[in-house]
Amino acid sequence: MPPKSRFTRLDAFTKTVEDARVRTTSGGIVTLTSLIIILWLAWGEWADYRRVTISPELVVDKARGEKMEIALNVSFPRVPCELLTLDVMDVSGELQMGVQHGINKVRLSPESEGSKVLSSKALELHKDEASHLDPSYCGECYGAPPPAAGLKQGCCNTCEEVREAYASISWSFGRGEGVEQCEREHYAEHLDEQRKEGCRLEGGIRVNKVIGNFHIAPGKSFSNGNLHVHDLENYFKDETHTFTHRIHHLRFGPQLADSVIENMQKKHQATGPGGWTNHHINPLDGTDQQTSEKAFNFMYFIKVVSTAYLPLGWDKESTDTYGDLIGATIGDHHKGSIETHQYSVTSHKRSLAGGNDEEAGHKERIHARGGIPGVFFSYDISPMKVINREVRTKTFSGFLVGLCAVIGGTLTVAAAVDRALYEGVNRVKKMHSN
């Protein structure tokens, strides 16, 4: 038997001759309608194939030895910049006292004048360094050991160096009366000028990614054995000083550009409930705390969770070094993985005088007595890590299968509808002819 005959027997698509075909108006309408439906459903399949959603995962954070950026912007309308000190410490034993690198102190006018930003020229109280003195000049440290990082080894040539020397042996410094360097720099006069002012701390610090805390408290800080102490003498001399504050911004991890956040939000909408975890939202932003007591502190207990956002094709991109730069912003140009942090927070406040919490409606709650006035942030690192991964809801093969199903199913249903209409019209004609 010829090969053509064998394939002819296998033909599942039998044909009819042109003369045996009947074309009707209803068939044309059904055909046109089915084509429109096929195009509409095919476009839906294409859009479904192109849609990107967020798939959240929870894994154990195995990172070791990492650093973490903390960006803050906090205003204190009733404490001058000269009295504010930022200290950072963690369980690894690292202690950063009087942090200045990466942090700016912005002087604010008195609260009664609107807390406006003052000229930055007067930001430093110790701008009049001893550069104009005789090169052989060696200032006295008044019984304290000279600081190792002084301008001149074995000397205290500035008021700041005398304060450092006093702090190293836990001596209270006060206003610097009788200290030649401070009188030359008019330290007490500058302190009086700023006494009614406020201060805003803004910038970023880099810390070890372990349990720790940072706090903003008055006076020079120093360590006395296992105790961390502040010189509070100048703070308590003025009745207007309190730690009323506003947290404009507090963020763990790099800054995300607005365009990046908008793109994430759009992907989240496509995911539906339970998708993206909104890790760009910082719950402490815009927090206001008021107090009329000088001896009062505020505590924020923060749980930090490492969070990664993995866009499509992230593994093919080179790793950027934005993590090594304080204050770096991740923009649209960044196509690799985005490593940041989200956090939750609970807060507590108390008077250092102790007693119950009757004013807040909790008479049964008793506060301990003592402590340091200020604002304290204690952060804990979660052992888990959230990964938000961009994925396509459908593969290309799935798209082809769906497209074939749309075409085949629509044509099959259309054929059945057309057949029903054709048979119905013929029956009606026969009934009328009889």
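The values are calculated or read from the model by the stated rules, or taken from the named source; none is laboratory data. This structure is a prediction, so every number in the text was calculated from the model and none was measured. Here Cβ is always computed from backbone atoms with ideal geometry, including for glycine, and neighbour counts include all displayed protein chains. All accessible areas refer to the heavy atoms of the entire protein, side chains included, with ligands and DNA or RNA removed. Shrake-Rupley method; radii C 1.70, N 1.55, O 1.52, S 1.80 Å.
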* Selection from the range 214-237 of residues that are among the aromatic types (Phe, Trp, Tyr), buried (at least 17 other Cβ atoms within 10 Å of the Cβ) and touching a Pro at 6+ places or on another chain (Cβ under 9 Å) -> TYR235
* Would you pick out the residues in the range 270-287 that are part of a loop (DSSP other than H, G, I, E, B) and either closer than 20 Å to PHE214 by Cα or modelled with pLDDT of 90 or more (or both)? -> ASN282, PRO283, LEU284, ASP285, GLY286
* Restricting the search to the range 288-312, which residues are more than 25 Å from ASP238 (Cβ to Cβ) and either part of a strand (DSSP E or B) or among the β-branched types (Val, Ile, Thr) (or both)? -> TYR300, PHE301, ILE302, LYS303, VAL304, VAL305, SER306, THR307, ALA308, TYR309, LEU310
* To do: Give me the pairs, please: first residue somewhere in the range 393-412 and of a type outside the set (Ser, Thr, Tyr), second residue anywhere and exposed (fewer than 15 other Cβ atoms within 10 Å of the Cβ) and modelled with pLDDT of 90 or more, beta-carbon distance under 8 Å, and either six or more positions apart or on two chains.
  => PHE399/TRP46
* In the range 370-395, what residues are within 21 Å of ILE302 (Cβ to Cβ) and among the basic types (Lys, Arg)? -> LYS385
* in contact with a Ser or Thr (Cβ under 9 Å, 6 or more places away or on another chain), of a type in the set (A, V, I, L, M) and surrounded by fewer than 17 Cβ atoms within 10 Å (Cβ to Cβ): does that describe ILE211? -> yes
* Residue check: is LYS385 charged (D, E, K, R), at pLDDT 85 or above and surrounded by 13 or more Cβ atoms within 10 Å (Cβ to Cβ)? -> yes
* To do: Give, as residue ranges, the strands (runs of 3 or more DSSP E) completely inside the range 179-225 that count at least 1 residues that are of a type in the set (Phe, Trp, Tyr) and either under 23 Å from GLU161 (Cβ atoms) or at pLDDT 85 or above (or both).
  => 212-218, 221-224
* To do: Return yes or no: is ALA167 over 25 Å from LEU227 (Cβ atoms) and part of a helix (DSSP H, G or I)?
  => no
* Structure fact -> the range 15-122: strands (runs of 3 or more DSSP E) wholly inside it with 3 or more residues that are more than 30 Å from LEU201 (Cα to Cα) and modelled with pLDDT of 80 or more are 52-60
* Asked: Out of all the residues in the range 156-174, is one or more small (Gly, Ala, Ser) and under 30 Å from HIS248 (Cα atoms)?
  -> no
* For the range 377-415, what are the residues that are assigned to a strand (DSSP E or B), among the basic types (Lys, Arg) and more than 17 Å from PHE252 (Cβ to Cβ)? -> ARG389, ARG392
* Structure fact -> Given (1) open to solvent by 60 Å² or more (accessible area, probe 1.4 Å); (2) hydrophobic (A, V, I, L, M, F, W, C); (3) modelled with pLDDT under 90; (4) assigned by the TED database to the domain that holds GLY44, ILE407 misses just (3)
* Asked: Do you know which residues across the range 60-89 are under 20 Å from the mean Cα position of the chain (by Cα) and among the β-branched types (Val, Ile, Thr)?
  -> ILE70, VAL74, VAL88
* Asked: In the list GLU185, GLU160, GLU197, which residue meets the criterion of being in contact with a Ser or Thr (Cβ under 8 Å, 6 or more places away or on another chain), of a type in the set (Asp, Glu), over 21 Å from THR240 (Cα atoms) and open to solvent by less than 50 Å² (accessible area, probe 1.4 Å)?
  -> GLU185
